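Step one of this worksheet: look at the structure below.
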Amino acid sequence: MRLLSLAAAGLLAGLVAVAVVEHREDEELPVSPQGAVAAGGGWYEALAAPRPPAGDAERTSCGLTLTGRSLGVTHPVLPCGAKLLMRYGGETILTEVIDNELVATGRQFELTPALAQLVGLDGTQEVEWRYATAQ
């Protein structure tokens, strides 16, 4: 009798788990990442510039190997892998921190050459950014 009760309880728990999973699959997923609102209700502002092209097998402080197609940003304080939304020239892109050692001074962010080209960033310019969130 005890074995039958345990089997029934296990079956009931399995049915509940399946119902919960199916309910979550029915929920709509966001089309794109949402930004965590910065202090004051908007975006942070920072100076950004393209970093020089990567040398042969250049490794970042985050342990990644840069190539000419690498997309990401360098920031001296934000943690490796932090997902960011960056806005410049009417473009908003999702990117991540791939290095913590700036190559040059006078800026808070450095964009890989491929990312800078993608958003049209040339020279040191003001950009807007905020943390990306998965909602």
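The values are calculated or read from the model by the stated rules, or taken from the named source; none is laboratory data. The model shown is predicted, which means the values in this text are computed figures rather than measured ones. FYI the Cβ positions are ideal-geometry reconstructions off the backbone, even for glycines, and counts take in every protein chain you see.
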Task: Residues that are modelled with pLDDT under 95 and out of contact with any Pro (no Cβ under 7 Å at 6 or more places or on another chain), drawn from the stretch 102-111 - done: A104, T105, G106
Open item on the list: Can you pull out every residue in the stretch 46-85 that is more than 14 Å from the chain's Cα centre (by Cα) and β-branched (V, I, T)?
Closed with: T60, T65, T67, V77
Open item on the list: Out of everything in the stretch 92-103 that is surrounded by fewer than 19 Cβ atoms within 10 Å (Cβ to Cβ) and touching a residue at least 12 places away in the same chain (Cβ under 8 Å), what residue ends up being nearest to A82 (Cα to Cα)?
Closed with: E96
- [ ] Those residues that are under 17 Å from W43 (Cβ atoms) and hydroxyl-bearing (S, T, Y), I need them from the stretch 100-135; list them, please.
- [x] Y131, T133
Open item on the list: For the structure I just gave you, tell me whether T65 is modelled with pLDDT of 60 or more and either touching a Leu at 6+ places or on another chain (Cβ under 6 Å) or surrounded by 14 or more Cβ atoms within 10 Å (Cβ to Cβ) (or both).
Closed with: no
Open item on the list: Quick check on the stretch 20-34. Is at least one of its residues farther than 21 Å from T133 by Cα and modelled with pLDDT of 85 or more?
Closed with: no
Task: Qualifying position, being surrounded by fewer than 17 Cβ atoms within 10 Å (Cβ to Cβ) and without any contact (Cβ under 8 Å) to a residue 24 or more places away in the chain, among G81, G106 - done: G81
